[in-house]
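Participant: Got a structure here, written out as structure tokens. Questions coming.
The values are calculated or read from the model by the stated rules, or taken from the named source; none is laboratory data. These numbers come from a predicted model, not from an experiment. In this analysis, Cβ positions are derived from the backbone assuming ideal geometry, glycine residues included, and neighbour counts consider all displayed protein chains.
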Amino acid sequence: MALVKYRGGDPWRTLDSLRDEINGFFEGTRQLFPWFREEMSAPSVDIWEDEKAVYVEADLPGFEQKDIDLKLRDNVLTLSAKRETVKEEKEKNYYRSERRRGAVHRKIELPASVDNTKTKARFKDGVLHVSLPKREEDKKREIKVDVE
């Protein structure tokens, strides 16, 4: 088989075009089915660990502390939050309403076994901070090796 020089232009432009097509598809889906984005969305999270604990931060803008539910089972942290639907005011003439309502849900498999009796969570400025201390057996231990 002979090699043929690629003459299609910039391959990155082709990928950008594909990305735009996919984004357009999902934008159209959201307009046709408004519940799709609301019910299927998951909050953005950062997850990291050190020798003492696993940490999770989740963006939950617009939610209140009472709306958030955390569950920890079999080393999986389940985060859910639900915002009640805002009643439409008939006297306002809305041109557009984009503020999200509904629920978000995310399951996070933790990288180490954690002690669920010492787990702490706090919610501030739309960000949920969760600290999950590791079990003693999962903490890193240094072992001194004697050379003879």
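Participant: Could you tell me which of the residues A103, A81 is in contact with a helix residue (DSSP H, G or I) (Cβ under 7 Å, 6 or more places away or on another chain), surrounded by 10 or more Cβ atoms within 10 Å (Cβ to Cβ) and at pLDDT 90 or above? Can you show your working first?
Facilitator: Values: A103 fails: at pLDDT 90 or above.
One residue alone meets the criteria, A81.
Participant: Just checking, how many residues over region 106-148 are surrounded by fewer than 11 Cβ atoms within 10 Å (Cβ to Cβ), over 26 Å from G62 (Cβ atoms) and modelled with pLDDT of 90 or more?
Facilitator: In the first step, residues of region 106-148 are kept if they are surrounded by fewer than 11 Cβ atoms within 10 Å (Cβ to Cβ); the result is 109, 117, 120, 122, 124-125, 136-137, 140-148.
Checking the rest, the ones that are also over 26 Å from G62 (Cβ atoms) come to 109, 117, 136-137, 140-148.
Pick out the ones that are also modelled with pLDDT of 90 or more and you get 109.
Residues meeting the conditions: 1.
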